[in-house]
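A.B. asks: My structure is below; once you've seen it, I'll send some questions.
The values are calculated or read from the model by the stated rules, or taken from the named source; none is laboratory data. None of the values given here were measured: they were computed from a predicted structure. Every residue, glycine as well, gets a Cβ built from its backbone with ideal geometry; the counts of neighbours run over all protein chains shown.
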Amino acid sequence: MPIQSPAGPLSTLEEYVYLARGLRDRLDTHFVDPVLLVVAPAEGWAETTSIRHRAESGMISVKMLPTLVIPVKGQSPVTFGRGPQNAVILPFAAMSKAHGELKLEGDAWSLKDIGSKNGSFVDGGRVPQGAFVGLRDGASIRFGDVTAKFMLAPTFRADLKRRLLEVGA
């Protein structure tokens, strides 16, 4: 069951694995877009940042959300951030309304920070505002306290197949 967010339902990696069970022979035709595998604190929804101080003081529990799968779809460049105008909506408090862009040139993807408050990081290095930085398949990305992994479609399909083997499907 998708997790409800201010941006609408978000699907978990567990749900994608379950879906892949029924599509085992057709994964290549169903999973064709790059994805961001995203993990963020549950109190990180943009609308709930006012309770962050209560979480930090121990008044409420801060649990980690499952890994979310967010397909990267749309015309390049693909905008991302927590605002509804973005092609990829990441509804977390650490995200700016307009955080950045993902761009495909030829076979190469890159990421640009467009002036976010909390910055963007690729494989540990800060992305300079306004400059595109190359994304390798499997790159680790961080937006403030939101962590993600960028996967091209073939790598994501291979990951799904590996997970299916792990659960004996």
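A.B. asks: Starting from residues that are assigned to a strand (DSSP E or B) and buried (at least 18 other Cβ atoms within 10 Å of the Cβ), keep the ones in segment 115-132 and report whichever is farthest from the chain's Cα centre (by Cα).
C.D. replies: At the first step, the residues of segment 115-132 found to be assigned to a strand (DSSP E or B) are 120-122, 125-126, 129, 132.
Now drop any that are not buried (at least 18 other Cβ atoms within 10 Å of the Cβ), which leaves 120-122, 132.
On the way: SER120: 13, PHE121: 13, VAL122: 13, PHE132: 18 Å.
My answer is PHE132.
A.B. asks: Being without any contact (Cβ under 8 Å) to a residue 24 or more places away in the chain and either within 14 Å of LEU152 (Cβ to Cβ) or touching a strand residue (DSSP E or B) at 6+ places or on another chain (Cβ under 7 Å) (or both) is true for just one of ALA131, ALA93. Which residue is that? Please lay out each step first, then the result.
C.D. replies: Values: ALA93 fails: without any contact (Cβ under 8 Å) to a residue 24 or more places away in the chain.
Sole residue among the options that is without any contact (Cβ under 8 Å) to a residue 24 or more places away in the chain and either within 14 Å of LEU152 (Cβ to Cβ) or touching a strand residue (DSSP E or B) at 6+ places or on another chain (Cβ under 7 Å) (or both): ALA131.
Here is a yes/no grid of residues against (1) assigned to a helix (DSSP H, G or I); (2) of a type in the set (A, V, I, L, M); (3) at pLDDT 85 or above:
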| position | (1), (2), (3) |
| --- | --- |
| VAL32 | no, yes, yes |
| GLY58 | no, no, no |
| LYS73 | no, no, no |
| THR79 | no, no, yes |
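A.B. asks: Now, a different point. Any residue in segment 20-34 that is closer than 15 Å to PHE156 by Cβ sitting within a Cβ distance under 9 Å of a residue that is among the aromatic types (Phe, Trp, Tyr)? List the pairs, counting only those 6 or more apart or interchain.
C.D. replies: ALA20/PHE31; LEU23/PHE31; PHE31/TYR16; PHE31/PHE156; ASP33/PHE156; PRO34/TRP109; PRO34/PHE150; PRO34/PHE156
A.B. asks: Shifting gears a bit: Only one residue in ALA108, ALA87, ALA98 is over 18 Å from MET151 (Cβ atoms) and at pLDDT below 95, so which one is that?
C.D. replies: Details: ALA108 fails: over 18 Å from MET151 (Cβ atoms); ALA87 fails: over 18 Å from MET151 (Cβ atoms).
The conditions single out ALA98.
A.B. asks: Regarding ALA93, is this residue modelled with pLDDT under 90, in contact with a Ser or Thr (Cβ under 7 Å, 6 or more places away or on another chain) and under 21 Å from PHE121 (Cα atoms)?
C.D. replies: Numbers: modelled with pLDDT under 90: yes; in contact with a Ser or Thr (Cβ under 7 Å, 6 or more places away or on another chain): yes; under 21 Å from PHE121 (Cα atoms): yes.
So ALA93 fits the description; yes.
A.B. asks: Among the residues of segment 1-30 satisfying the criterion of being crowded, with 16+ Cβ neighbours inside 10 Å and part of a strand (DSSP E or B), which is modelled with the lowest pLDDT?
C.D. replies: SER5
A.B. asks: Still on this structure, I have one more. Could you please find all residues in segment 139-169 being touching a residue at least 12 places away in the same chain (Cβ under 8 Å) and among the basic types (Lys, Arg)?
C.D. replies: Answer for segment 139-169, where residues must be touching a residue at least 12 places away in the same chain (Cβ under 8 Å) and among the basic types (Lys, Arg): ARG142, LYS149, ARG157, LYS161, ARG163.
A.B. asks: How many residues does segment 136-169 hold that are assigned to a strand (DSSP E or B), under 18 Å from VAL32 (Cα atoms) and of a type in the set (Lys, Arg)? Walk me through how you get there before you give the answer.
C.D. replies: Going residue by residue through segment 136-169, those that are assigned to a strand (DSSP E or B) are 140-143, 146-151.
This time we only want the ones that are under 18 Å from VAL32 (Cα atoms), so: 149-151.
Add one more test, that the residue is of a type in the set (Lys, Arg), and what stays is 149.
Here the count works out to 1.
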